[in-house]
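Following: one structure in C-alpha cells, then a few remarks.
The values are calculated or read from the model by the stated rules, or taken from the named source; none is laboratory data. Remember, it's a predicted structure, so these values are computed and weren't measured experimentally. Cβ atoms come from the backbone with ideal geometry, glycine included; neighbour counts cover every protein chain shown.
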Amino acid sequence: MSGLVGLFGFPTDRLQPIAAQVADGLCRFPWNTWDWWLSPDGTMGLGRVDIGIFNPLPQPATSPDGQVLALLSGELYRTAALRRDLEARGCQFQRQDDPELVLLAYLAYGPEFVSRLEGAFHLAILDRQKGELLIANDRYGLRPLYWIQYGDRFAFAPEIKALLVDPAVDRRLDLVAVAQYMRFQQLLGDRTFFEGVSLLAGASLLRYDLKDRSLSIAPYWSLAEIPTLDSITYGEYARESGRLYREAMGALAAGPQRVGAYLSGGVDSRIIAACLAQDRPHFPTISYGHRDSADVILAKRIATLLGTDHHYYEFNDGRWVLDHLDLHLELTEGHHSWIHSHGISTLKDARSHLDVNVTGWGTGNILGNSWRSPLLNNAVDEWAFLCRFYEFYTQQHTWPGLTEAEERALYAPGVSGQMVGLAFESFQVEVARMANHPFVKRVDYFCVAHHLRRLTQNFVIFNSSHFENRFPAHDYRLFEFLFSYPQVWQFNKQLQQDIVEQINPRLALIPLAQDHLLHTGRRGRRIAHHVVTRVKQRVNRHLAPVFWFPQSLYADYENWLRHELRDWATDLLLDGRLADRGIFNPEFVASLLTRHFSGQELHTIGKIAPLMTFEMIMRRFFD
C-alpha cells in the first residue's frame, strides 16, 4: 500500500541496503513510485511509496535552509482557508501541493498545525534543527502506518513486512493477537501479529527525539470531542444530513482524476453513485458476483438508471480465490481473512477505468448501523453490557465464530491455560477505553475504531494498491453532525430513505439486495410493496417456488470451501505443519473441517477461515 517509510538510528553501512530491500518489497507493481531522502551522515532516511495519483511531485518538500523536510501520503481536503491564512503571514507557495502546505503550516504554527488538517493522510516532518521527527495521521487512520522501536532503532512503514527487512527485528508471535483472531476474526486496537509492531491510532501525533531516541504518542482529537446536541427536529436533521453528504461528495468528485465507484444493491453505493451522476455524467461503475445475485442484478438497474459506464465481473465458482490468494495475503498481511477477498479479482481491470474510487465503506455504519439492541443500549450495568457485547462481537458482527466451548477445544493442552480467555480480557481492555461514553455510543465508537478500522478497512487497503480511494462517510463535518444528535435518528432506516430521496427519488424505487424491499420514504408505497413481497416469499416457502427472487449471495464462500477449495483447505490445515506449531489441537481442527464439509451446519466458515489465514500468515512471515 502507498505510504511513508522512515528508518532511524541504523548503522551507516546498513541503512541503504535495508532501504533498497524495503523499496523492492513495497514497489510490487509497475506503477509504483519511490521517493527517498538520506541524511548526510547516512544514519536516517525518509521515503514514500506511491501509485502516482495524489500529490505526484517528488518528496520531501524542504524548507529553504534544508533543515525541515515534509512528506505526506494521501491528500488533504478543504485547504483554501489554511492557504489564505498562510499567505496572509507572508508564506509563498511554489509546489502548490499538500506536502508543501504541511511544511509551511508546520513552520508557521508548530506541531499543533495538525489539528487544522482534514483529509485521508499520514505525514512525517523531520526538523533537523530541533532534532525531532513528527508523524501524524487523519482522525480515523484512513491510511495505515505501522511502527516499531527496538534497541537504538526506530522505523515506520505502511506495511509490516517492510519493518521485518531488518534482521535485527525479532519476529515474536503475539499470542493475544492469535486469541483475538480466533474469536473475532480480526485484531483489535493497535495490535499486530508481531510483538513490538504497532498500528498508529487515528488522530495521533507521534514525536521522536533524535538525540535521546525517546518516543511519545498523544491524540490531537478524540471522539469525546463530538458534542451532544438536541436542538433541532428530525426533519431538520435529515435535510442537513443529506446536504452535508452531498457537500462531501461534491468535494470528493472534484479534480482531474477519473472518479468512479463500486456498485451493489445496497444503500451506500447508490447514494454515492447518485451524487457522482450529478457532477460526472457517464462515470465508471463496477460490480462483481454471481450472475443471479441480487447485488449484481440491482447494481445493473441502478447503473442503467444513472447512465453510468458499467462493468461487471462474474464469479462462476470459487477458483478465483486461489488465483488471488497470495496477493490478498501480501496486501492485507493476514489482518483480513481470505473469505473477505471479494473484489480483488477486479483490480487490474478497474485500474483501466478509474483513478479514484469513492467508496461506500463506513456509510452503512454511520447511517443505519444494524448494531441496535436494547440489551446493549439499555444495559443494566457494566457487566451486563460487556458480556452481551462480547457475545455479539463473536457471533453476530460478521460470520459466527467460535463458541466458548469451541475455544477451549481449539488449543493444544500445553497452551490452553494460557490462551483461553485472552480474547475476552483484551476485549474488556478495549471497551474500557470508551467508558466515558454512554452504552449506545460505546457500541458505535467501538465499531468505528475496531470493526471498521481493523476488519473492513482491509477492502480499502487492497484496493489502494491499484487506485486511490475517497471516503464520504469519514468527512469530518458529516461525521460530527451525525454523531452529535440522538442515535435513534442516526440509525433509523428512515434517515437512509430520506437521503436517497433527497438525492434521486427514482433510486428509492429500486429494492434493496438485503431484503428485496423498497427504500422509499413514501410510506404508503413502501408498505404496499412490503406486503406483496412478503406474501410472495411465504408462498415460495410454504407452497411452491412460484415467484422468482434473486439469490442473496454474490460470493458463496461456504459452498466453495466444500467443493472447489476443499483440497486446498485440507492440505493447509492437516498436512502436519499447523499441528507441529503446538498451538492448536489437531483433532479439533480436523473436526471443524469435517463439520463444515458435511454441510449439516450453517456458517461454520467463520470458525475455520481464521485458522486457515493464520496458517498462511505463519508460513509467509514467520517460518
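Condition check: among the acidic types (Asp, Glu), farther than 27 Å from MET1 by Cβ and at pLDDT below 95. Does ASP65 satisfy that?
Values: among the acidic types (Asp, Glu): yes; farther than 27 Å from MET1 by Cβ: yes; at pLDDT below 95: no.
Here the answer is no, as ASP65 does not meet what is asked.
Could you identify the single residue in SER416, SER465 that is part of a loop (DSSP other than H, G, I, E, B) and surrounded by fewer than 21 Cβ atoms within 10 Å (Cβ to Cβ)? Step through it out loud before you land on a result.
Numbers: SER416 fails: part of a loop (DSSP other than H, G, I, E, B).
One residue alone meets the criteria, SER465.
For the range 106-129, enumerate the residues that are in contact (Cβ under 8 Å) with a residue 60 or more places away in the chain, aliphatic (A, V, I, L, M) and in a loop (DSSP other than H, G, I, E, B).
Result: no residue meets the conditions.
Can you pull out the residues in the range 40-81 that are small (Gly, Ala, Ser) and under 29 Å from the mean Cα position of the chain (by Cα)? Spell out how you get there, then give the answer.
Initially, the range 40-81 is screened for residues small (Gly, Ala, Ser), giving 42, 45, 47, 52, 61, 63, 66, 70, 73-74, 80-81.
Those that are small (Gly, Ala, Ser) and under 29 Å from the mean Cα position of the chain (by Cα): GLY45, GLY47, GLY52, ALA61, ALA70, SER73, GLY74, ALA80.
Identify, from the list ALA254, ALA224, the residue that is touching a His at 6+ places or on another chain (Cβ under 9 Å) and more than 24 Å from ASP498 (Cα to Cα).
On the way: ALA254 fails: touching a His at 6+ places or on another chain (Cβ under 9 Å).
Answer to the selection: ALA224.
State all residues of the range 56-77 that are assigned to a loop (DSSP other than H, G, I, E, B) and in contact with a Gly (Cβ under 8 Å, 6 or more places away or on another chain); if no residue qualifies, say none.
To start, the set of residues in the range 56-77 that are assigned to a loop (DSSP other than H, G, I, E, B) comprises 56-60, 63-67, 77.
Listed by number, the list holds a single entry, TYR77.
When you scan the range 98-105, do you find a residue that is among the hydrophobic types (A, V, I, L, M, F, W, C), surrounded by 15 or more Cβ atoms within 10 Å (Cβ to Cβ) and part of a strand (DSSP E or B), even just one? It would help to see each step written out before you state the result.
The initial filter retains those residues of the range 98-105 that are among the hydrophobic types (A, V, I, L, M, F, W, C), namely 101-105.
Okay, now just the ones that are also surrounded by 15 or more Cβ atoms within 10 Å (Cβ to Cβ), so 101-105.
Going one step further and asking which of them are part of a strand (DSSP E or B), we end up with none.
No; the residues of the range 98-105 include none that is among the hydrophobic types (A, V, I, L, M, F, W, C), surrounded by 15 or more Cβ atoms within 10 Å (Cβ to Cβ) and part of a strand (DSSP E or B).
So, of the residues in the range 106-150 that are within 22 Å of GLY90 (Cβ to Cβ), touching a strand residue (DSSP E or B) at 6+ places or on another chain (Cβ under 8 Å) and of a type in the set (A, V, I, L, M), which turns out to be surrounded by the fewest Cβ atoms within 10 Å (Cβ to Cβ)?
Per the stated criteria, the residue is LEU107.
Looking only at the range 587-623, how many residues end up being under 30 Å from ARG171 (Cβ atoms) and under 30 Å from the mean Cα position of the chain (by Cα)? Before you say what the answer is, go through the steps one by one.
Step one: list which residues in the range 587-623 are under 30 Å from ARG171 (Cβ atoms), which gives 587-590, 592-593, 605-623.
Filter once more, keeping what is under 30 Å from the mean Cα position of the chain (by Cα): 589, 592-593, 605-623.
Within the range 587-623, residues that are under 30 Å from ARG171 (Cβ atoms) and under 30 Å from the mean Cα position of the chain (by Cα) number 22.
Give the residue, chosen from ALA238, ALA248, ALA179, that is closer than 30 Å to PRO400 by Cα and buried (at least 17 other Cβ atoms within 10 Å of the Cβ). If you could, list the steps in order and put the result at the bottom.
Numbers: ALA238 fails: closer than 30 Å to PRO400 by Cα; ALA248 fails: closer than 30 Å to PRO400 by Cα.
Among ALA238, ALA248, ALA179, only ALA179 is closer than 30 Å to PRO400 by Cα and buried (at least 17 other Cβ atoms within 10 Å of the Cβ).
ILE226 passes all but one of (1) closer than 17 Å to ASP138 by Cα; (2) without any contact (Cβ under 8 Å) to a residue 40 or more places away in the chain; which number fails?
(2)
State which residue is surrounded by the most Cβ atoms within 10 Å (Cβ to Cβ) when the search covers only the range 3-31 and only residues that are aromatic (Phe, Trp, Tyr) and outside any strand (DSSP E or B). Don't jump to the end; show me each part of the working.
Step one: filter the range 3-31 for residues aromatic (Phe, Trp, Tyr), giving 8, 10, 29, 31.
Now drop any that are not outside any strand (DSSP E or B), which leaves 10, 29, 31.
Values: PHE10: 22, PHE29: 12, TRP31: 13.
Per the criteria, the residue is PHE10.
Only one of VAL448, VAL443, VAL431 is in contact with a Lys or Arg (Cβ under 9 Å, 6 or more places away or on another chain), among the β-branched types (Val, Ile, Thr), assigned to a helix (DSSP H, G or I) and at pLDDT below 95; which? Before you say what the answer is, go through the steps one by one.
On the way: VAL448 fails: in contact with a Lys or Arg (Cβ under 9 Å, 6 or more places away or on another chain); VAL431 fails: at pLDDT below 95.
Just one listed residue meets the conditions, VAL443.
Could you grab me the full set of residues in the range 491-528 that are at pLDDT 85 or above and assigned to a loop (DSSP other than H, G, I, E, B)?
ASN504, ILE510, PRO511
Need the failing condition index for TRP34 against (1) in contact with a strand residue (DSSP E or B) (Cβ under 7 Å, 6 or more places away or on another chain); (2) assigned to a helix (DSSP H, G or I); (3) without any contact (Cβ under 8 Å) to a residue 24 or more places away in the chain; (4) not charged (D, E, K, R), just the number.
Of the numbered conditions (1) in contact with a strand residue (DSSP E or B) (Cβ under 7 Å, 6 or more places away or on another chain); (2) assigned to a helix (DSSP H, G or I); (3) without any contact (Cβ under 8 Å) to a residue 24 or more places away in the chain; (4) not charged (D, E, K, R), the odd one out for TRP34 is (2).
Do we find that ARG153 is buried (at least 23 other Cβ atoms within 10 Å of the Cβ) and either assigned by TED's automatic domain parsing to the domain that holds GLN16 or at pLDDT below 95 (or both) in this structure? Give the derivation first.
Working: buried (at least 23 other Cβ atoms within 10 Å of the Cβ): no; either assigned by TED's automatic domain parsing to the domain that holds GLN16 or at pLDDT below 95 (or both): yes.
Answer is no for this residue.
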